Each structure stands twice: as C-alpha cells, then as structure tokens.
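The values are calculated or read from the model by the stated rules, or taken from the named source; none is laboratory data. None of the values given here were measured: they were computed from a predicted structure. Don't worry about glycine lacking a Cβ; one is built from the backbone with ideal geometry, like all the others, and counts go over all protein chains shown.
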C-alpha cells in the first residue's frame, strides 16, 4: 500500500509543479528521494522549515530518509 502511495506521489511530482507548502508533512516525507532533481532543493527547504514542528515519529522518518539518501549517493 505504501509503495503505491509513493508511486502515485512520484508520478504526480513528475507531471505537475509541486507546491510543497500545500502538502502534508507525511506526503513530503514519502516523497524524499523520489522528486525530480530540479525540485529537491525546494523539498529540502520545506522539510527543514517544518522540522521544529514535526512529531517524534516524523522526525525519526525524516532522519532515516536522509540517511538512506546519503548512503545511496555514495
């Protein structure tokens, strides 16, 4: 189910300009690593702005996703 959700978000991100401010934190976390290179900077900025208000679980997911992205680049 989660894979389908991520796939749908990925397709939407490819075909439409993403307005990250209008998305929920959970949606943004699910998109990490799947957005177009041109949108990565905007996504990272939006997540950094939301980080102080994230729940414990959201912060954990955010940090795990950051590690996965960092490890995949190596």
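Can you name the residue in region 54-74 that is without any contact (Cβ under 8 Å) to a residue 24 or more places away in the chain and part of a loop (DSSP other than H, G, I, E, B) and, of all such residues, is surrounded by the most Cβ atoms within 10 Å (Cβ to Cβ)? Result: 55.
Scanning region 24-53 for residues that are under 19 Å from residue 2 (Cβ atoms), touching a residue at least 12 places away in the same chain (Cβ under 8 Å) and either in contact with a strand residue (DSSP E or B) (Cβ under 9 Å, 6 or more places away or on another chain) or not in a helix (DSSP H, G or I) (or both) yields 32, 33, 34, 35.
Taken together, the residues in region 1-23 that are in a helix (DSSP H, G or I) and either in contact with a helix residue (DSSP H, G or I) (Cβ under 7 Å, 6 or more places away or on another chain) or at pLDDT 95 or above (or both) amount to 6.
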